[in-house]
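The structure under discussion appears below in the form of structure tokens.
The values are calculated or read from the model by the stated rules, or taken from the named source; none is laboratory data. Keep in mind it's a predicted model, so treat the numbers as computed, not measured. Cβ: placed from backbone, ideal geometry, glycine included. Neighbour counts: every protein chain shown.
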Amino acid sequence: MIAIAPPGTAAEREAAARLFFPSLMGDELAGRTLGFLERFEAGAFALDGWLCARSSGAIAATAVVQPLPSGSAVVLPPHGDPSLFDALAESMLAQLRSAGCHQAALFLDPGCEWQADPLVANGFRFVTEIQTRRREPLEPAPDIPEGFRLIPAQCDMQLFGKLLERTYEGTLDVPESRHVRPIKDVLAAAKLGQPEPPHWWILNGAGVGNIGIIQLAMVDGVVAELSYFGIIPEMRNRGLGAIALAAAMREAARSGSKMLSLCADVRNAPALRLYDASLFRTIQIQRLYLWHYS
């Protein structure tokens with residue numbers, strides 16, 4: 001029977017972290033390993049979700065399961081000795097179920113699809129590719145047409161939540177992940193690591209009322225992330241998405257950020273056209289795999 005448990009010592013944690021970077025050597029391997037350990041020390045994921053399989057007493061394969069307050073999770077696939085991957089994948093699924101997760105996501109770079117094989121065999125499935133895009137510099141940010149304004153979400157969080165849920169209807173951005181989690185859990189997860197109150201707004205237009213929402217996440221003093229924005233179904237195809245994006249850009253610039261990043265499902269053609277027109281360039285493409293509890 002294969003023993004699977006978190007790394008017990010600092011030396012074991014370093015040995016396990018190195019397994020995530022099999023193609024690196026020397027100083028580059030040391031730097032990436034150190035960065036991974038620093039993320040762990042900063043609380044990026046919990047020790048009990050860092051799973052290690054041992055062979056002859058030494059760590060030979062590793063993976064990470066990170067549950068989120070929203071009932072979802074993100075995972076890092078097994079790395080190391082392929083003969084231990086199936087056992088690790090089974091432990092990962094057991095961890096997801098015991099944590100009460102309804103959904104888990106795995107992101108892989110193109111060409112690394114083989115890393116998903118043990119998880120696909122245990123219920124994960126490929127869904128789509130996700131583009132990360134960035135606009136830099138932000139200035140000059142587009143103007144917002146007269147009659148439109150942003151209402152801070154904290155003025156009415158219940159309304160904000162209802163509008164957020166409405167924007168999920170008919171969405172082209174990973175619809176497979178929507179309606180899996182209660183909105184209150186989605187909002188709780190989105191608040192993690194963000195200031196209080198968060199940089200969230202309701203988009204309101206004179207004569208049309210509340211038409212959508214914007215969620216900005218401040219990564220650091222240089223980069224802001226447009227973690228989500230959406231328009232309610234009956235107000236789509238009127239150019240209002242461009243207004244919401246312009247408003248987000250202006251708020252990010254006002255916060256002092258020099259760049260704004262966002263993610264897009266490659267199947268969402270209208271959004272990609274908007275991002276092209278707004279000078280957001282693609283800086284990364286990843287393959288998204290999802291698991292749903294059944």
Checklist entry - When you look at ALA15, is it part of a helix (DSSP H, G or I), among the small types (Gly, Ala, Ser) and modelled with pLDDT of 90 or more, yes or no? => result yes
Item to check | Entirely in segment 219-294, the strands (runs of 3 or more DSSP E) that have 1 or more residues that are of a type in the set (A, V, I, L, M), in the same structural domain as LEU150 (by TED's automatic domain parsing) and within 21 Å of ILE202 (Cα to Cα) | outcome: 223-231, 259-265
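So in segment 194-207, with the set limited to residues that are surrounded by 15 or more Cβ atoms within 10 Å (Cβ to Cβ) and more than 15 Å from the chain's Cα centre (by Cα), which one is farthest from ASN237 (Cα to Cα)?
To start, the set of residues in segment 194-207 that are surrounded by 15 or more Cβ atoms within 10 Å (Cβ to Cβ) comprises 194, 198-205.
Adding the requirement that they be more than 15 Å from the chain's Cα centre (by Cα) leaves 198-205.
On the way: PRO198: 28, HIS199: 26, TRP200: 23, TRP201: 21, ILE202: 18, LEU203: 16, ASN204: 16, GLY205: 15 Å.
The extreme case among them is PRO198.
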Next on the checklist: Quick check on my filter: what residues within segment 57-110 are in contact (Cβ under 8 Å) with a residue 40 or more places away in the chain, under 18 Å from SER294 (Cα atoms) and more than 21 Å from the chain's Cα centre (by Cα)?
Outcome noted: SER91
Checklist entry - Quick check, is ASN204 in contact (Cβ under 8 Å) with a residue 40 or more places away in the chain, within 21 Å of GLY147 (Cα to Cα) and assigned by TED's automatic domain parsing to the domain that holds GLY170? => result yes
Checklist entry - Can you tell me which residues in segment 151-193 are part of a loop (DSSP other than H, G, I, E, B), crowded, with 17+ Cβ neighbours inside 10 Å, out of contact with any His (no Cβ under 9 Å at 6 or more places or on another chain) and charged (D, E, K, R)? => result ASP173
